[in-house]
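Structure first, commentary second.
Quick note: the coordinates plus some simple rules give every number you see, no bench work behind them. If you're wondering where the values come from, they're calculated on a predicted model, not measured in any experiment. Cβ placement follows ideal geometry from the backbone for every residue including glycine, while neighbour counts extend to all protein chains displayed.
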Amino acid sequence: MFPATRLRRLRQHPVLRDLVRETALVSDDLILPLFVRPGHGIRKEISSMPGHYQLSVDRLVDEVGAASQLGIRAFILFGIPAYKDGVGSPAWDDDGVVQQALRTLKAAHPDVLLITDECFCEYTDHGHCGVLAEFRGRRDVDNDATLANLSRQCISHVRAGADVVAPSGMMDGMVAAIRRGLDDAGFPQVPIMSYAAKYASAFYGPFRDAAESPPQFGDRSSYQMDPANADEALREVALDLDEGADIVMVKPALAYLDIIRRVKDRFGAPTAAYNVSGEFAMVKAAAAKGWIDERRIVLEILTGIKRAGADMILTYHAREVAQWLK
Ligand code: PBG
C-alpha cells in the first residue's frame with residue numbers, strides 16, 4: 001500500500017514549499033552593531049569577532065556606506081571613548097566619539113536609521129553600567145543616580161542625530177527617566193528601544209573585548225537578570241512598556257527563545273532580539289574549523305529567532321545575511 005503522505009504532500013515541490021513557508025527572514029529585519037573609537041584611519045580587528053572592527057569615524061562612514069549597499073538600513077552604535085572616569089561622563093560629552101560619529105553619519109548617509117546603545121560600562125573606569133555607591137560594605141551601581149546621567153547621554157546622542165535610543169543598563173525606571181528627559185528637551189518623537197529583558201550572560205564575552213568594557217570587579221548580576229528566570233522577564237517588559245518603551249528587547253537570543261515567544265504573545269509589542277557576540281563567535285569558530293556550514297547555520301538561527309517572535313534582530317551576521325538574501 002502507498003504510504004500515507006499527508007504532511008509530506010506540501011513538501012514535494014520547491015515552489016509549494018515557498019508558498020507555505022510561515023517565516024520569511026528579510027534584510028529589513030536586521031540591525032548591524034558597529035564599534036566606533038577615536039582617531040583617524042583606524043580599522044582594528046576584534047580578535048574574537050572575525051569581520052568586526054573598532055572603527056574611527058571616517059572608517060565608520062565607509063563601513064555604513066558598504067553595508068547599506070548590501071541592503072542593511074539600521075545600525076546600532078557603541079562607543080569606545082578617549083578616556084574613562086568614575087561616573088562615565090564621556091558618555092554625555094557633546095563632542096564624544098559617538099556624538100561625532102552620529103553627526104558625520106547623518107550628513108554622509110541621511111537615509112539610514114541610527115540607534116545608539118545607552119549605557120556607561122564603556123565609559124566608566126570600573127566597567128560597571130552606572131555610578132557606584134556602597135551599601136553594607138559592597139560597591140554596587142546606584143540606580144537612581146545613574147538615571148539622571150542616562151537621560152543626559154540620550155539627549156546628547158539625539159541632539160547629535162540618533163534616531164532611536166536603546167538603554168541597555170537594566171536600571172529600574174530607565175525608560176521613564178529617558179522619556180521624560182527627551183520630552184523635556186523637545187524630542188517627543190524619538191522612540192526608545194529598551195533592553196528590557198537582558199540577562200547576566202556569559203555570551204557577552206567577545207563584546208567586552210570589542211567595547212573594552214569588562215567589569216573591573218564583581219559581575220553584573222545585581223542589575224542584569226538571572227538566566228533561570230522567565231516570569232521576571234515578563235515583569236521587566238511590562239514595566240518598560242508601562243514607562244513608555246516603544247520596542248522591547250530580549251537579550252541574548254538563542255538560549256532565550258522561550259522568553260522571546262512569551263514576550264511577543266503576552267504584549268504583542270514590537271520585539272527585538274539581540275543575537276549577541278558569543279553566539280556569533282561560536283558559529284564563526286566552528287565554521288573556521290569546517291565543522292558546520294556557516295551559511296545554512298546562520299540562516300537557520302536567524303529564522304528561528306524570528307519564528308520565536310522577534311520582529312527585528314540585532315546581529316553581527318547582518319552583512320553576510322544581507323548578501324545571501326539578495
Ligand atoms: C552594554 C552592552 C553589552 C552588550 C550590549 N550592550 C555588554 C554587557 O552588558 O556586558 C552585549 C552585546 C553582545 O555581547 O553582543 N551595556
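Data overview
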{"quantity": "Percent of C-alpha pairs per 5 Å bin, segment 10-167, short to long", "calculated": "2, 9, 16, 18, 16, 12, 9, 6, 5, 4, 3, 2, 0, 0"}
{"quantity": "L19 paired with R295, simple spin-label distance in nm, labels 7 Å along Cα-to-beta-carbon", "calculated": "2.7"}
{"quantity": "For segment 283-319 versus segment 170-204, the gap between their alpha-carbon centres in whole angstrom", "calculated": "27"}
{"quantity": "Size of electric dipole in the chain: Cβ of Lys, Arg +1 and of Asp, Glu -1, about Cα centre, debye, nearest 20", "calculated": "1500"}
{"quantity": "Taking the C-alpha atoms of the chain, convex hull volume expressed per residue in Å³", "calculated": "154"}
{"quantity": "Fully extended contour minus Cα-Cα distance, from Q216 to D311, at 0.36 nm per residue", "calculated": "30.7 nm"}
{"quantity": "Charge dipole of segment 23-325 about the Cα centre (unit charges at C-beta), most positive-ward option of P214, V164, C119", "calculated": "P214"}
{"quantity": "Anisotropy class of segment 168-267 from Cα gyration tensor, a/c 1.5 cut", "calculated": "oblate"}
{"quantity": "Rg in Å to one decimal, and Dmax rounded to a whole Å, for segment 34-125 via C-alpha atoms", "calculated": "12.9, 40"}
{"quantity": "Within the chain, helix-based [θ] at 222 nm, where runs of 4 or more DSSP H residues each add -39,500 (n - 2.57), nearest 500", "calculated": "-12000 deg cm²/dmol"}
